[in-house]
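The values are calculated or read from the model by the stated rules, or taken from the named source; none is laboratory data. Keep in mind that what you see is a predicted model, and the values were worked out from it rather than measured. Because the Cβ atoms are built from the backbone with ideal geometry, glycine has one as well, and the counts that use them run over all protein chains shown. Heavy atoms of the whole protein, side chains included, go into the accessibility calculation; ligands, DNA and RNA do not. Shrake-Rupley method; radii C 1.70, N 1.55, O 1.52, S 1.80 Å.
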Amino acid sequence: MFTRPTLRRESRLFVIGSALFAAGSGGVLVLPAATSNLLYFVGSWFFTAAATVQLLLTHRPPAATRVDRYDWWSAAVQWAGTLAFNVSTGFALVAGLTASEERNLVWRPDAVGSVCFLVSSALAVVATTDTYALWDPHARNWRSTWLNMLGSLAFGASAVGAHIDPAGETLAPRLADLGTFVGAVCFLVAALWMRPADPPEPHRT
């Protein structure tokens, strides 16, 4: 997969990861907690795979432009954020964690991942648009970039809602689930918009 990274593969991986996160959070009322946590864990690895492809696609040449630099840093920070989600979702699968372990092993990496996604989205916005005209419908990937920003904000709200207090109670579980669901849907739609058009079929005579 990574020997020949393509935008199409990046898009597909982000779509699958986002769909798994949406399923995990959207099915919270009907799915066992262990099933939702497993969906998050698997989805986080699809995010990491997609972020790796994106990072490989944005390698910086020696004379990189401002856009190239922001693109690379956006991809690099996002990749680090996906690793944090790997950690948090992985430990969430472990049963019997104490309140302190849940806070340190689950929530803190989750919060770090959410912050990384926010920073990455901000860098992508700057790379995609003119700094003095951030609301620019004519800029490249404009819709996907701002949808990713909305998704990152939703993941940030989810991290706040998922904060675990010293007694082991979640601050706002509904906000945590809703933020994850909204963020995942935003990422999914953004990935679909980012996907390049299928090449035309060869003409048959």
Hey, can you grab everything whose amide H is under 5 Å from the amide H of H163? Only 5+ residues off in sequence or another chain; H modelled, so Pro and N-termini drop out. L171, A172
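Whole number in Å², please: accessible area per residue of region 85-134, 1.4 Å probe, ligands, DNA and RNA not counted.
Heavy-atom SASA per residue in region 85-134 reads 46 Å².
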Between 0 and 90 degrees, rounded to the nearest ten: what's the tilt of helix 66-92 against the longest Cα principal axis of the chain? 30 degrees
Mind checking the per residue accessible area of region 140-200 for me, 1.4 Å probe, whole number of Å²? 53 Å²
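Of the heavy-atom accessible surface of the chain (probe 1.4 angstrom), what whole percent is carbon and sulfur?
67 percent
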Sequence gap at least 6, Cα distance under 8 Å: using those rules, report the relative contact order of the chain to the nearest whole percent. 25 percent
Tell me, what HN-Hα J-couplings in whole Hz come from the Karplus equation 6.51 cos²θ - 1.76 cosθ + 1.60 at θ = phi - 60° for each residue of region 180-185, using x for Gly and Pro? 5, 5, 4, x, 5, 5
For the chain, alpha-carbon Rg relative to the globular expectation (2.2 N^0.38 Å, N residues): 1.07
Under the 7 Å Cα-to-Cβ spin-label approximation, L57 and V30 lie apart by a distance in nanometres of 3.3 nm
Would you kindly compute the Cα radius of gyration of region 48-122 and its largest Cα-Cα separation (Dmax), both in Å? 15.1, 52
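Ignoring ligands, DNA and RNA, what accessible area per residue does region 27-68 give at 1.4 Å, in Å²?
Per residue, region 27-68 has 56 Å² of solvent-accessible surface.
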